[in-house]
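The values are calculated or read from the model by the stated rules, or taken from the named source; none is laboratory data. Small disclaimer: the values here were computed from a predicted structure and weren't measured. Neighbour counts run over all protein chains shown; Cβ positions are idealised from the backbone, glycine included. Quick note on the areas: whole protein, heavy atoms, side chains included, nothing else; ligands and nucleic acids left out. Shrake-Rupley method; radii C 1.70, N 1.55, O 1.52, S 1.80 Å.
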Amino acid sequence: MKKYLTILRSAMIASMALTSAQALAHGDVTPQAVDTSALPQLGDEWLATNPYTGNELAIKIGDSAYNQNCARCHGLEVISGGITPDLRKLNDENEFFSPEEADDWFMMRIRNGAVVDGRVYMPPFEGILSQEAMWAIKSYIETRGTPE
């Protein structure tokens, strides 16, 4: 009986350790593929402004792509928890960005990532996500309003 309880206790401790490690993890941080085959293809030259603004299919694809690739850092429904930039601020024409500047900043950042003092704050997605996927994500962000 004592041996049985020792085995049971060990199994419970191992189970709790694995469960708590999963709860603290960010989940699968491997970039996920985005199927953009149903969208108009944009070619090899990078566009300066979002060609998919208001495109319902692009928004739907962007919603899925954002939640698979961006939400773990930038928050569900594009609502940041405060550690990373609140991407909804790109929707608010203000002293920082015009709509064109917001598109330019978004593409620069998603393509090149962000490194500060040698630390990667955001990985580069160029070569991982297509231009179509990036603009679809931006189209979804545009539907999320502005922070209060």
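Key figures
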quantity	calculated
Amide H partners (placed H, <5 Å) of residue 113, local residues excluded	125
Sparsely packed GluC sites (Glu not before Pro) within region 51-95, loop by DSSP, other Cβ within 10 Å at most 10	95
In sequence order, calculated HN-Hα J values of region 107-120 (Karplus, 6.51, -1.76, 1.60; Hz; x Gly/Pro)	5, 4, 6, 5, 6, 9, x, 9, 10, 10, 6, x, 9, 7
Tensor-based shape of region 53-148 (alpha-carbon gyration tensor, a/c under 1.5 rounded, otherwise prolate or oblate)	rounded
Accessible-area value, residue 105, 1.4 Å probe, nucleic acids and ligands omitted, Å²	60 Å²
Accessible surface, 1.4 Å probe, highest first, among residues 132, 100	100, 132
